[in-house]
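S.K.: Have a look at the structure that comes next, please.
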Amino acid sequence: MWNTLSGAVAAQRCRLWDEESEAYIEYRLDEEMARITMLDEGETVTEGKERNVKDPTYYDLLGVKTNAPSGQIKKAYYSQAKISHPDKNPNDPDAAETFRILSVAYQTLSNDKRRASYDNLGSPSDSTDGGSSPDEQMDPKVFFAVMFGSQLVENYIGTLWISSAFDTLQDLRDTGTIELMSTRTQFKSVQRKREVTCAIHLRKRTEEFTSGKTTERKFVEGCRAEAVRIGEVAFGGLFLTAIGSTLKLEADLYINFRQIPLVSPTGHLAKFKTLRLAYRRNVDLLMSGMRFAQTGMDLYNKMEDGEPVKGAAHYEESIPTLLQLAWAFNVKDISKTLRSVCQKLFMDASIDADERVLRAHAVRMMGIAFLKEGELLGSTIETYKNSSSFIMNRAEKAMMKSMAKGQDLSDEEIDLILKAKQRASARR
């Protein structure tokens, strides 16, 4: 944005590039959030005639009409799940089964392909589409959130892109097709909402300083305390470094180029650091992909040579390589998302120029606090490279929690279940 005259002028006037109109338009964060909210609410309006379906049981379970849009189905499920959860009905022996069927109904109707199959053929037990039962499928968003311990930073980075991509691959496995144009549009819509939601959170998080309710010292102390809490979770140091470095650099870019557009020496230094960091992350992604490809070929060759035992051992040894590739994707995704988040926050025309600069300073202080804590904890994936058992344990926990279908198992409950499974396996 600050590289060209038109971009610099647009930035000074709080204008962001709009893909639909292909022009710079004055930007207001709350207005974009309102537009997204209207679109979401629009999905909950049921219009037109009801669909003719073979079996309306799943719709009846959720209390929706057969032509209900996805947003309404989702809200109905969460409402019903709170009422029918086994923990809320300890004296009902059928509560667990009722909740399971409700979950199957939601998993079926929330997926367009499975819903179409259900409408035409009835329950999954009657259909022959060859796809996996909804009861057997994991939730990618839950899996990757637990796997990488991203719950504490979700307000800053949203749902990781890798989980959305995995969800699309799941759909390909179930149906054999992907609507490319529809998928691309859906990804853009989801990403836009993700960025705006994160920007709203970051604005709220920095408001205590920008509004003058707290001093700079107390605000920084709060950021450090939050960084310590994030650092205590799995991969916390990596998240802190990825988030902190991007927040600091984006704030530096805005603050310096805002003072002297186009020719600011400190602005160009910040731009150089941003480009250098982006280049390094692209190289990390490329190298991780090459290492993973080589590992996959080695594993394939061992299995082809009739060495399943060595192949199994090699598979376990390859887990850190897979983790490196996944994390390289995550870092690139987090950086891209936070760059857009910062632009929305710093270009918000609903406040005056001085307050926007104050926002940038607050974001910079937070970035520095996160970055310092991340570097203390270990800021590269190499920290976990020799921890196959740790990674396997995280993956198994993530898989179990993602298969829980809304049952909200705690880490302690999952540990007990895994230990029971291990004891049962030992007895066999």
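S.K.: Let me confirm something: among Arg276, Arg194, Arg281, which residue is in contact with a Gly (Cβ under 6 Å, 6 or more places away or on another chain) and closer than 28 Å to Leu377 by Cβ?
M.R.: Arg194
S.K.: Report the residue count in segment 333-355 for those that are open to solvent by 10 Å² or more (accessible area, probe 1.4 Å) and under 23 Å from the mean Cα position of the chain (by Cα).
M.R.: Result for segment 333-355: 6.
S.K.: Would you check which residues across segment 243-265 are in a helix (DSSP H, G or I) and either free of Cβ contacts under 8 Å to residues at least 24 places away in the same chain or of a type in the set (Ser, Thr, Tyr) (or both) and list them?
M.R.: Ser245, Thr246, Tyr254, Asn256, Gln259, Pro265
S.K.: Separate question: Report yes if Gln186 is in a helix (DSSP H, G or I), over 26 Å from Thr108 (Cβ atoms), modelled with pLDDT of 60 or more and among the polar types (S, T, N, Q), otherwise no.
M.R.: no
S.K.: Mind checking whether some residue in segment 228-235 is among the aromatic types (Phe, Trp, Tyr) and outside any loop (DSSP other than H, G, I, E, B)?
M.R.: no
S.K.: Looking at segment 198-224 only, could you name the residues that are loosely packed, with under 12 Cβ neighbours inside 10 Å and either under 17 Å from Leu247 (Cβ atoms) or in contact with a Phe, Trp or Tyr (Cβ under 6 Å, 6 or more places away or on another chain) (or both)?
M.R.: Scanning segment 198-224 gives Lys204, Glu216.
S.K.: Would you check if there is a residue in segment 314-332 being out of contact with any helix residue (DSSP H, G or I) (no Cβ under 7 Å at 6 or more places or on another chain), open to solvent by 60 Å² or more (accessible area, probe 1.4 Å), modelled with pLDDT of 85 or more and closer than 30 Å to Trp17 by Cα?
M.R.: No; the residues of segment 314-332 include none that is out of contact with any helix residue (DSSP H, G or I) (no Cβ under 7 Å at 6 or more places or on another chain), open to solvent by 60 Å² or more (accessible area, probe 1.4 Å), modelled with pLDDT of 85 or more and closer than 30 Å to Trp17 by Cα.
S.K.: Every residue in segment 19-33 that is of a type in the set (A, V, I, L, M) and exposed (fewer than 12 other Cβ atoms within 10 Å of the Cβ), please.
M.R.: Ala23, the sole residue that qualifies.
S.K.: Just to be sure before I move on: is Lys188 open to solvent by 40 Å² or more (accessible area, probe 1.4 Å) and over 22 Å from Lys372 (Cα atoms) in the structure I sent?
M.R.: Yes.
S.K.: Still on this structure, please answer the following. Taking the condition of being modelled with pLDDT under 85 and either open to solvent by 60 Å² or more (accessible area, probe 1.4 Å) or not polar (S, T, N, Q) (or both), how many residues in segment 115-130 meet it?
M.R.: So the count comes out to 7.
The values are calculated or read from the model by the stated rules, or taken from the named source; none is laboratory data. Computed from a predicted structure; not experimentally measured. Every residue, glycine as well, gets a Cβ built from its backbone with ideal geometry; the counts of neighbours run over all protein chains shown. Ligands, DNA and RNA are excluded from the accessible area calculation, which covers all protein heavy atoms including side chains. Shrake-Rupley method; radii C 1.70, N 1.55, O 1.52, S 1.80 Å.
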